[in-house]
1. What does the highest-first list of 256-265, 54-63 look like by mean Cβ count within 10 Å?
2. In deg cm²/dmol and to the nearest 500, what is the mean residue ellipticity at 222 nm of the chain if only DSSP H runs of at least 4 residues count, each as -39500 (n - 2.57), divided by the residue total?
3. Quickly rank 11-23, 163-175 as a protection proxy: mean count of other C-beta atoms within 10 Å, highest first.
4. Just the number, please: percent antiparallel of the DSSP beta bridges in the chain, rounded to the nearest 5.
5. Would you mind classifying the range 5-109 by shape? Square roots of the alpha carbon gyration tensor eigenvalues, ordered a ≥ b ≥ c; an a/c under 1.5 is rounded, otherwise it is prolate if a/b is larger than b/c and oblate if not.
6. Figure the gain on full extension for residue 73 and residue 147 (residue separation times 0.36 nm, minus the Cα-Cα span) and round it to one decimal in nm.
7. If I stretch the segment between residue 222 and residue 248 completely, what's the gain in nm (0.36 nm per residue apart, minus their alpha carbon distance), one decimal?
8. Set the Förster radius R0 to 22 Å, insert the Cβ-Cβ distance between residue 6 and residue 122 as r into 1/(1 + (r/R0)^6), and round the FRET efficiency to 0.05.
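Every read-out reported here was derived from the displayed coordinates using simple, explicitly stated rules and does not represent laboratory data. For clarity, every value in this text was computed on a predicted model and none was experimentally measured. Backbone-built Cβ (ideal geometry, glycine too); neighbour counts: all protein chains shown.
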């Protein structure tokens with residue numbers, strides 16, 4: 001196994017397990033990624049250490065039982081469960097499984113959100129320009145029930161510290177904001193299999209809606225900001241220039257502000 005990759009923030013759901021798997025699949029014994037299944041198990045047929053197997057992703061291994069997968073197992077197939085934690089010694093409970101792969105000891109977790117929150121010098125405060133044409137043709141309010149905002153803004157070292165505060169401005173007026181959980185730069189998929197996997201990762205609830213691959217291709221952006229604490233500024237007009245008089249937005253629609261300026265705005 002190569003040096004462990006690092007995730008900034010805890011993996012606490014099945015989607016995180018899938019994301020981790022795509023980073024280390026070769027080291028685990030899966031030489032090629034394949035598209036997910038439309039129904040049934042997550043991957044019907046994938047090569048694993050020279051043998052074709054069926055894969056199911058779970059956050060905790062006992063979810064394989066709770067989700068009713070045992071009764072859907074077909075005799076003659078080899079099933080592999082890939083989970084974050086094997087919390088129930090699944091092979092003892094379902095002995096006809098081929099293998100259970102636990103990822104928690106193969107991924108390094110940096111609790112960046114907590115560390116950054118404790119160190120206010122790392123947290124960034126910023127205003128981003130919001131243009132629906134560059135945001136999947138959606139009004140800002142449409143992002144309320146999402147947790148991943150895609151953008152083309154360039155950030156230093158492709159990194160935003162967890163806990164950072166982002167405000168959005170449209171036509172000069174502030175419309176809302178959120179708190180950053182983590183930032184991921186994802187390169188544009190190169191083939192059909194990679195596009196199918198990207199769609200799997202970014203379908204609801206990872207992003208707002210399930211979208212076709214054609215739609216994803218037409219509006220692909222490499223920056224992915226995962227966030228919490230979404231809020232809107234409604235019924236009042238707040239012009240950001242009234243609060244920040246000494247700075248101008250960059251050509252790509254971003255301005256960094258101070259902690260005091262941020263709380264002066266949101267406290268208004």
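1. 54-63, 256-265
2. Mean residue ellipticity, 222 nm, calculated: -5500 deg cm²/dmol.
3. Sorting 11-23, 163-175 by mean packing, highest first, produces 163-175, 11-23.
4. Given both bridge residues lie in the chain, the antiparallel proportion sits at roughly 60 percent.
5. It is oblate, given that a/c is not under 1.5 and a/b is not larger than b/c.
6. So the chain would gain 23.3 nm between residue 73 and residue 147.
7. Residue separation times 0.36 nm, minus the Cα-Cα distance, leaves 6.9 nm.
8. Once rounded, the FRET efficiency stands at 0.85.
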